[in-house]
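A.B. asks: Please find one structure pasted underneath; my questions will follow.
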Amino acid sequence: QVQLVESGGGLVQPGGSLTLSCTTSGILFEIYTMGWYRQAPGEQRELVASITRGEMRKYADFVRDRFTISRDDALNTVHLQMSSLKPEDAGVYYCNAIFGLENYWGQGTQVTVNA
């Protein structure tokens, strides 16, 4: 059974930081491209950042230089370090694992940014 479990979401003030983590089981983690997506109320889910098995990183323009994605293949975990958070960064953040036609999602973790 494949599981992706996100953690680390919460309430933070504008300008603050959070680190999200996603721990997986049931997949050969090291071969998957891992990604973080977010979805604000009434909006479509959008890519925030991704990291390949070779640690090539891709970032959405709206988070470049503020967020950092990393992976720990030994722990089957991917992290998203978020800094200089803005109210528009709020939403549900989802972990994604993709390899070929295999595509898995976590249940999401809520990030709220306000004073």
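A.B. asks: For residues that are open to solvent by less than 40 Å² (accessible area, probe 1.4 Å) and either under 12 Å from Gly15 (Cα atoms) or hydroxyl-bearing (Ser, Thr, Tyr) (or both), tally how many sit in the stretch 97-115. Steps first, please.
C.D. replies: Kept after step one, since they are open to solvent by less than 40 Å² (accessible area, probe 1.4 Å), are these residues of the stretch 97-115: 97, 106, 108-109, 111, 113.
Applying the additional criterion that residues be either under 12 Å from Gly15 (Cα atoms) or hydroxyl-bearing (Ser, Thr, Tyr) (or both) yields 109, 113.
Here the count works out to 2.
A.B. asks: Something else: Run Tyr94 past the list (1) buried (at least 16 other Cβ atoms within 10 Å of the Cβ); (2) in contact (Cβ under 8 Å) with a residue 40 or more places away in the chain; (3) touching a helix residue (DSSP H, G or I) at 6+ places or on another chain (Cβ under 9 Å) and report the number of the one that doesn't hold.
C.D. replies: Checking Tyr94 against (1) buried (at least 16 other Cβ atoms within 10 Å of the Cβ); (2) in contact (Cβ under 8 Å) with a residue 40 or more places away in the chain; (3) touching a helix residue (DSSP H, G or I) at 6+ places or on another chain (Cβ under 9 Å), the one that fails is (3).
A.B. asks: Right, another one. Are there any pairs with C-beta distances below 8 angstrom linking a residue in the stretch 2-14 that is on the phi < 0 side of the Ramachandran plot to a residue that is open to solvent by 60 Å² or more (accessible area, probe 1.4 Å) and hydroxyl-bearing (Ser, Thr, Tyr), with the two at least 6 apart or on different chains, and if so which?
C.D. replies: Val2/Tyr104; Leu4/Thr23; Leu4/Tyr104; Val5/Thr23; Ser7/Thr23
A.B. asks: Output the residue which, of all residues in the stretch 63-75 that are open to solvent by 50 Å² or more (accessible area, probe 1.4 Å) and either at pLDDT below 95 or touching a Ser or Thr at 6+ places or on another chain (Cβ under 9 Å) (or both), is nearest to Gly9 (Cα to Cα).
C.D. replies: First, pick out the residues of the stretch 63-75 that are open to solvent by 50 Å² or more (accessible area, probe 1.4 Å): 64-65, 68, 72-75.
Now narrow it down to the ones that are either at pLDDT below 95 or touching a Ser or Thr at 6+ places or on another chain (Cβ under 9 Å) (or both): 64-65, 68, 75.
On the way: Arg64: 19, Asp65: 20, Thr68: 15, Leu75: 20 Å.
Ranking the candidates gives Thr68 first.
A.B. asks: I need the full set of residues from the stretch 15-29 which are of a type in the set (A, V, I, L, M, F, W, C) and open to solvent by less than 20 Å² (accessible area, probe 1.4 Å), in order please. Spell out the reasoning first.
C.D. replies: At the first step, the residues of the stretch 15-29 found to be of a type in the set (A, V, I, L, M, F, W, C) are 18, 20, 22, 27-29.
Scanning the stretch 15-29 gives Leu20, Cys22, Phe29.
A.B. asks: Follow-up. Could you check how many residues of the stretch 68-83 are in contact with a strand residue (DSSP E or B) (Cβ under 9 Å, 6 or more places away or on another chain) and free of Cβ contacts under 8 Å to residues at least 24 places away in the same chain? Give the steps one after another, and end with the answer.
C.D. replies: First, the residues of the stretch 68-83 that are in contact with a strand residue (DSSP E or B) (Cβ under 9 Å, 6 or more places away or on another chain): 68-72, 75-83.
Add one more test, that the residue is free of Cβ contacts under 8 Å to residues at least 24 places away in the same chain, and what stays is 68, 70, 72.
The qualifying residues number 3.
A.B. asks: I need the full set of residues from the stretch 1-58 which are in contact with a helix residue (DSSP H, G or I) (Cβ under 8 Å, 6 or more places away or on another chain) and more than 18 Å from Tyr93 (Cβ to Cβ), in order please.
C.D. replies: Matches in the stretch 1-58: Arg53 only.
A.B. asks: Taking the stretch 1-14, which residues are in a loop (DSSP other than H, G, I, E, B) and either among the hydrophobic types (A, V, I, L, M, F, W, C) or open to solvent by less than 30 Å² (accessible area, probe 1.4 Å) (or both)? Even if it seems obvious, please write down each step before you answer.
C.D. replies: At the first step, the residues of the stretch 1-14 found to be in a loop (DSSP other than H, G, I, E, B) are 1-2, 8-9, 13-14.
The one that is in a loop (DSSP other than H, G, I, E, B) and either among the hydrophobic types (A, V, I, L, M, F, W, C) or open to solvent by less than 30 Å² (accessible area, probe 1.4 Å) (or both): Val2.
A.B. asks: Tally time: how many residues in the stretch 73-115 are of a type in the set (D, E, K, R) and under 15 Å from the mean Cα position of the chain (by Cα)?
C.D. replies: In the first step, residues of the stretch 73-115 are kept if they are of a type in the set (D, E, K, R); the result is 73, 86, 88-89, 102.
Retained after the next criterion (residues that are under 15 Å from the mean Cα position of the chain (by Cα)): 89.
So the answer is 1.
A.B. asks: Right, another one. Write out, first by first residue and then by second, each pair whose Cβ atoms fall under 9 Å of each other, whose residues are 6+ apart or on separate chains, and whose first residue, in the stretch 26-40, is closer than 18 Å to Thr68 by Cα and of a type in the set (D, E, K, R) while the second is open to solvent by 30 Å² or more (accessible area, probe 1.4 Å) and not in a loop (DSSP other than H, G, I, E, B).
C.D. replies: Arg38/Glu46; Arg38/Leu47; Arg38/Val92; Arg38/Tyr94
The values are calculated or read from the model by the stated rules, or taken from the named source; none is laboratory data. Predicted model only: the values in this text are computed from it and were never measured. So basically every Cβ, Gly included, is an ideal-geometry build from the backbone, and we count neighbours across all protein chains shown. All accessible areas refer to the heavy atoms of the entire protein, side chains included, with ligands and DNA or RNA removed. Shrake-Rupley method; radii C 1.70, N 1.55, O 1.52, S 1.80 Å.
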